[in-house]
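Single-structure report; data block below.
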Amino acid sequence: SRQPVEQRVHSICPYCGVGCQLEYQVSNDRIIAVDGRSGPSNEGRLCVKGRFGFDYINHADRLRVPLVRREDAPPKGAPFDPAERDRYFREASWEEALERACEGLVRLKHQHGASALAGLGSAKGSNEEAYLFQKLVRTGFGSNNVDHCTRLCHASSVAALLEGIGSGAVTASFMQVVNAEVAIVIGCNPESNHPVAANLFKQAARNGTQLVVIDSRGHSLREHASHLLQLTPGSDVALLNAMLHVIIRESLYDHRFVAERLEGFDALQAHLDDYSPEAMAPLCGIDAERIREVARLFARAERAMIFWGMGISQHTHGTDNVRCLIALALLCGQVGRPGTGLHPLRGQNNVQGASDAGLIPMMLPDYQRVDNAEARARFEQLWQSPLAAQPGLTVVEMIDAIHHDQIRGMYIMGENPAMSDPDLNHSRQALARLEHLVVQDLFITETAAYADVILPASAWPEKSGTVTNTNRQVQLGRPAVSLPGQCRQDWWIIQAIAQGMGLDWAYPGPEAIYREMQQAMPSLTHIDRERLERENSVTYPCPTPDGEGTDVLFADRFPTASGKARLVAATLLPPDETCDSQYPLILSTGRLLEHWHTGAMTRRSRVLDTLEPGAIVCAHPLTLREWKLQAGEAVRVESRRGAMKALLRADEAVPPGSLFIPFCFAEGAANLLTNPKLDPFGKIPEFKYCAVRLAPT
Ligand code: SF4
């Protein structure tokens with residue numbers, strides 16, 4: 001029977017960008033259950049991850065003391081067996097571990113210059129930790145070589161949004177879907193990745209919102225869709241340009257909005273001449289009349305929204321895909337009113353906040369460009385430190401820079417590039433090549449296995465801090481249980497590294513860090529910690545100290561120099577790697593409902609791991625028949641870059657001729673196969689398309 005609840009602590013779910021508010025029920029300093037609270041984005045609901053994904057914090061694998069690599073350890077990159085941890089690492093005091101961590105970073109900076117170091121922070125941590133981490137890299141390492149997992153999920157969306165409307169965040173919360181007549185849900189699977197938002201989409205559909213579901217991989221929202229367009233993988237620009245062509249040719253666009261609030265209409269109109277539905281139908285696999293029907297539906301709606309996910313963003317033409325979606329909404333005047341808007345469903349619970357806080361290589365906090373002298377001068381004044389003007393390297397560029405001996409030392413907090421990066425053989429060789437690697441995490445992750453120093457970090461239920469969800473809602477997480485063993489707060493560890501590198505930081509705690517963030521970031525004006533303590537959630541921007549934040553943005557003007565938004569034409573480009581007789585199948589990677597990203601937390605949560613215990617490859621039954629394979633059979637999947645093994649699962653949602661592999665399973669790592677080629681604007685890899693083949697094991 002369940003122990004009596006001694007304490008109830010209000011916090012936020014640590015997984016997806018929905019940012020559900022929850023209650024930790026605590027007994028004897030352990031979380032025994034989690035329940036939903038009535039937050040603005042979840043109204044009491046939680047999905048299976050939020051409800052059951054908490055016991056990883058007590059897992060036997062949890063790091064409880066600092067570790068340093070043994071002098072006689074097997075070489076980096078040799079297979080790491082956690083059961084033989086002591087062959088690779090030995091326990092150390094905090095003093096020794098920090099001294100060793102800082103000595104290596106300082107030495108490499110001294111020998112090779114500031115650009116020889118880089119840092120990867122995390123969207124799993126708080127805003128305060130993200131802010132502090134990027135400040136350390138910029139003022140301590142001396143470069144802008146700092147990034148995090150936004151580069152692997154929505155960097156192309158942010159690039160296109162900043163270019164088009166001057167702001168990288170959503171224009172309206174997903175709760176506005178209930179006010180929309182039409183909602184396009186494209187390239188995303190919210191039932192797995194944003195389950196509580198998916199519930200709201202279904203509720204809206206029941207109440208009359210027409211859901212237009214566009215995806216190459218069918219998913220269960222299809223049962224609630226008024227229109228389902230299962231397009232050919234990688235053909236988004238063809239389909240979306242054809243819709244834009246119809247809207248302009250049939251004069252269905254919002255003439256007043258175009259005249260008063262947009263730039264670039266004439267160029268877009270001329271560009272779209274060649275993109276008739278008849279010309280694009282063979283490319284995208286959608287009948288021309290169907291394209292016309294959906295384009296007219298969207299354009300004639302009084303209020304319409306567009307939601308998208310990584311099926312749109314994770315392509316070498318991801319920025320182009322998003323440019324098309326922006327053009328669609330803008331042409332039809334579907335921004336700035338209730339029930340309208342552009343909403344990239346952000347992945348990680350704090351990917352919005354970490355990006356806002358400056359955990360990206362080209363932007364200081366609040367998207368102030370590092371190469372803007374005025375912005376830099378403001379931060380130099382605030383931080384009392386000179387700052388580099390050169391934008392830093394992005395996640396995948398850092399890996400290449402290690403191979404070219406440009407980066408020699410790294411500090412990685414809470415990220416797992418040995419699982420999350422494309423072309424893992426290449427990435428893992430880079431991690432092994434580093435002269436000095438400091439990892440701060442909860443477990444010896446696949447990345448930590450390459451470390452010289454491992455610093456035991458704090459889990460979300462053990463810390464105080466703010467996070468910002470996909471709706472721009474800044475929310476407060478509170479500590480529910482004590483840190484185990486010798487684990488320390490992440491902000492404390494970042495500060496200790498900063499001090500070890502000669503910086504005179506003396507933050508007493510996250511509250512003081514947040515106060516400094518408010519000085520640096522106008523977006524946090526009127527969102528004090530005291531207010532968050534009382535209200536738990538405030539949307540930014542918030543124009544008054546007591547009033548509500550702004551749920552729907554850009555009613556009058558866009559935050560661009562002219563106040564107008566910009567239409568940008570997108571050209572048809574094929575995926576970087578296409579199929580051939582050797583590699584005839586298309587691979588797309590993604591997440592499962594039960595597991596989060598590289599699985600470090602959810603695979604150590606008992607209920608979630610029981611539900612989805614091992615690596616799988618999903619294929620349509622027709623594909624299995626064609627390849628003479630059976631569901632449940634072990635198979636080997638090969639690409640030009642690597643191979644992995646997993647069990648076959650029949651899945652009618654995966655189009656024939658394609659495979660879908662979740663990237664959370666280390667024993668069958670999907671990213672051994674994926675293509676590292678980048679979108680030239682957002683620098684995001686093409687996780688949603690590469691060529692593979694199947695073979696029996
Ligand atoms: Fe957590 Fe997202 Fe599930 Fe909500 S929908 S409980 S935020 S994983």
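The values are calculated or read from the model by the stated rules, or taken from the named source; none is laboratory data. Remember, predicted model here, so these are calculated numbers, not experimental data. Cβ coordinates were reconstructed from backbone atoms using ideal geometry, including for glycine residues, and neighbour counts include every protein chain displayed. The protein model used for the area step is the full one, side chains on, heavy atoms only, and it has no ligands, DNA or RNA in it. Shrake-Rupley method; radii C 1.70, N 1.55, O 1.52, S 1.80 Å.
So here's what we get for this one:
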read-out	value
C-alpha long axis of helix 155-165 to longest principal axis of the chain, angle in °	50
Anisotropy class of segment 566-697 from Cα gyration tensor, a/c 1.5 cut	oblate
Selected from Leu678, Ala646, Pro696, residue furthest toward positive end of dipole (segment 646-697; charges at beta carbon)	Leu678
Relative contact order %, segment 300-431, counting alpha carbon pairs below 8 Å whose residues are six or more apart	15
In sequence order, calculated HN-Hα J values of segment 536-542 (Karplus, 6.51, -1.76, 1.60; Hz; x Gly/Pro)	6, 8, 9, 7, 9, x, 10
Cα gyration tensor category, rounded, prolate or oblate, for segment 271-339 with a/c compared to 1.5	oblate
Magnitude of the charge dipole, the chain, Cβ model with Lys/Arg +1 and Asp/Glu -1, debye to 20	620
Beta bridges per DSSP with both ends in the chain, % antiparallel, nearest 5	50
Residues with amide H under 5 Å from that of Ala123, placed H, sequence gap 5 or more	Cys149
Mean Cβ count within 10 Å, highest first, over the residues of peptides 230-242, 115-127, 635-647	115-127, 230-242, 635-647
Where labels lie 7 Å past Cα in the beta-carbon direction, separation of Asp371 and His59 in nm	4.1
Accessible surface of His245 - all protein chains present, 1.4 Å probe, nearest 10 Å²	10
Karplus (6.51, -1.76, 1.60) ³J(HN,Hα), θ = phi - 60°, over segment 57-71, in Hz, Gly and Pro reported as x	5, 9, 5, 4, 6, 4, 5, 10, 9, x, 10, 10, 5, 6, 4
Pairwise FRET efficiency - Asp86 versus Asp528, Cβ, R0 = 30 Å, nearest 0.05	0.05
Cα centre as origin, Lys/Arg/Asp/Glu Cβ charges: segment 614-697 dipole, Debye	240
In nm, spacing of pseudo-spin labels at Gln630 and Ala33 (7 Å Cα→C-beta vector)	4.3
Ordering of 19-27, 128-136 by burial proxy (mean other Cβ atoms within 10 Å per residue, highest first)	128-136, 19-27
Cα→Cβ-extended label distance, 7 Å offset, between Leu622 and Gln582, nm	2.7
Potential lengthening between Ala561 and Ala695 on full extension [0.36 nm per residue; Cα-Cα distance subtracted]	42.7 nm
Set of lysines near Lys76 by C-alpha distance (under 21 Å), chain-local residues within fewer than 8 positions excluded	none
Rounded to the nearest 10 Å², the accessible area of Arg249 at probe 1.4 Å	150
Estimated dipole of segment 383-491 in Debye, rounded to 20 [Cβ of Lys and Arg +1, of Asp and Glu -1, Cα centre]	460
Cα gyration tensor, segment 203-294 - rounded (a/c under 1.5), prolate or oblate	oblate
Residue-span extension gain [Leu572 to Glu6] - 0.36 nm each, minus C-alpha spacing	197.8 nm
Difference of contour (0.36 nm per residue) and Cα-Cα distance, Ala78 to Val48	7.2 nm
Which listed pairs, of Lys49/Lys202; Lys109/Lys683; Lys628/Lys677, have C-alpha distances above 28 Å, in listed order	Lys628/Lys677
Karplus (6.51, -1.76, 1.60) ³J(HN,Hα), θ = phi - 60°, over segment 373-383, in Hz, Gly and Pro reported as x	4, 5, 4, 4, 4, 4, 6, 5, 5, 5, 8
Cβ crowding within 10 Å averaged over residues, with 182-188, 348-354 ranked highest first	348-354, 182-188
The chain - convex hull of the alpha-carbon atoms, volume per residue in Å³	151
